[in-house]
1. What FRET efficiency would be calculated for the residue pair Ser187, Ala305, taking the C-beta separation as r and a Förster radius of 41 Å, to the nearest 0.05?
2. Charges at C-beta only: +1 for Lys and Arg, -1 for Asp and Glu. How large is the resulting dipole of the chain about its Cα centre, in Debye rounded to 20?
3. Using all C-alpha to C-alpha distances in the range 31-176, build P(r) with 10 Å bins and read off the rounded percent in each one.
4. State, to one decimal in nm, how far the label point of Asn83 lies from the label point of Lys151, with both points 7 Å from Cα in the Cβ direction.
5. State the percentage of accessible surface on the chain attributable to carbon and sulfur atoms; use a 1.4 Å probe and exclude ligands, DNA and RNA.
6. With Rg and the Kirkwood Rh both taken from Cα atoms, where does Rg over Rh land for the range 133-205?
7. Can you tell me the relative contact order of the range 1-135? Whole percent, Cα pairs under 8 Å, sequence separation 6 or more.
8. Quick one: Cα centre-to-centre distance for the range 39-59 and the range 73-134, in angstrom?
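The values are calculated or read from the model by the stated rules, or taken from the named source; none is laboratory data. None of the values given here were measured: they were computed from a predicted structure. Here the Cβ positions follow ideal geometry from the backbone for every residue, glycine too, while neighbour counts run over all protein chains shown. Each accessible area value is taken on the protein alone, full model and side chains, heavy atoms only, with ligands, DNA and RNA left out. Shrake-Rupley method; radii C 1.70, N 1.55, O 1.52, S 1.80 Å.
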Amino acid sequence: MAETAARSVPPPDLDIPPSPHTVDVSIIDTTATIRGISAHLFLSPPIKGYDWMAAPVFSFLVRHPGLNRSIIFDLGIRKDWQNLSPQVLSQIQSQGWKLNVEKDVREILDDAGVDANHIEAIIWSHHHFDHVGDPSTFPPSTSLIVGPGFKSMMPGYPANPDSTILESSLANRQLIELDFESGESGSKTFEPLTIGRFRALDYFGDGSFYLVDSPGHTIGHISALARVTASPASFILLTGDAIHHPGEIRPSKHLPLPENIIPDPFAPDPHPLESHYGCPAAVFDSLFAGRGRPACGPVYEPARAGNSVESFHDDVDEVLRTTGKLQEVDAHDNVFVAAAHDEALLDHVVFFPEGTMNAFAAKRWVKRVRWRFLRDFGGAVDKVDHELGRRRWGPGGEGGMSSMKV
């Protein structure tokens with residue numbers, strides 16, 4: 001057996017209450033990308049060849065057909081990003097990040113015939129510029145939902161010249177700060193419960209959509225869990241930036257690398273699954289052994305500040321506690337983990353407005369996507385010939401394939 005192949009420990013039951021109610025989840029390619037994000041700013045320890053972190057930007061439209069109610073989880077980057085606060089613009093410039101945004105999420109919804117007046121709430125996973133978008137493009141009737149402690153960062157810019165939050169994003173709309181202890185969140189009251197080891201709130205009150213407390217990356221960071229089929233039950237976990245790369249939660253003691261990884265993460269096109277002979281886990285032995293990482297643990301940890309490198313996480317130890325909880329959820333095959341910047345989703349899921357993500361189980365998306373991130377490490381395991389199949393995420397287009405897909 002390869003060094004990387006290990007016995008799994010069954011994941012604990014998530015204790016999600018049964019419910020016949022579901023929501024429709026659509027993933028939106030916001031048209032935004034960020035290039036030039038050094039991987040070492042967010043991920044540790046570094047891996048040869050993976051220098052630039054992939055950063056497509058996704059948003060999620062959640063519709064409850066039974067109640068005729070709709071919400072949206074994250075808004076990506078605002079099209080006029082040059083109007084972000086001076087503090088944010090300074091960071092973008094100093095880091096050398098290259099932003100490209102073709103449309104605001106509101107425009108994408110309008111183009112698809114979605115009436116924004118029916119969006120009752122925008123949920124911010126957290127307050128960073130690549131998630132908050134431009135709420136001012138939505139009507140005042142659309143409330144803004146944020147995680148615990150958000151109001152401690154107010155006021156925004158320009159009242160506070162050092163703030164990264166724009167006051168215009170909050171103006172003339174209800175701001176709801178969640179309380180995961182009592183469920184009493186401003187004028188709203190949600191039923192609190194525990195899912196796995198996460199504190200959660202039942203948003204619609206019928207078990208179809210839960211807001212999840214996932215702190216660490218920022219003050220008040222939240223995720224969401226959507227029930228998309230009832231029998232058998234299946235769920236989509238919207239992580240926000242609880243992770244910045246799937247390698248922060250995979251492999252794990254609950255989800256070790258299989259001895260033969262199917263589909264082969266280095267294959268240019270993993271369709272259909274049955275046609276692939278797979279990739280031996282032994283290919284990655286040197287990746288784990290050379291970096292002192294256990295085979296039953298994730299490839300990465302969140303990067304800490306040090307050696308003149310600032311931390312892009314509010315509390316790294318809290319991030320680690322959150323990723324530990326995520327590993328337990330991720331090991332369940334009836335849960336599809338949808339991270340805000342997971343490059344693998346670009347090739348394997350149906351995007352808005354073409355359809356929803358609800359049929360992910362029938363379409364075997366978990367199997368298709370779960371280990372796809374390993375292709376990022378071709379340079380570290382002597383698979384350099386496969387580098388031509390990767391997108392470029394460096395500031396000048398370096399670090400990937402010759403023909404850009406994004």
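1. Working: r = 38 Å, r/R0 = 0.94.
Plugging the Cβ-Cβ distance into 1/(1 + (r/R0)^6) gives 0.60.
2. Details: 35 positive and 52 negative charges, 127 e Å.
Using only the charged Cβ atoms, the result is roughly 620 debye.
3. Whole-percent P(r) values from 0 Å outward: 11, 38, 34, 15, 3.
4. Label-label distance for Asn83 and Lys151, simple model: 2.7 nm.
5. 49 percent
6. On the way: Rg = 14.0 Å, Rh = 13.6 Å.
Taking Rh as the inverse mean 1/r over Cα pairs, Rg/Rh reads 1.03.
7. On the way: 204 pairs, mean separation 37.3, N = 135.
Relative contact order comes out at 28 percent.
8. So the two Cα centres are separated by 21 Å.
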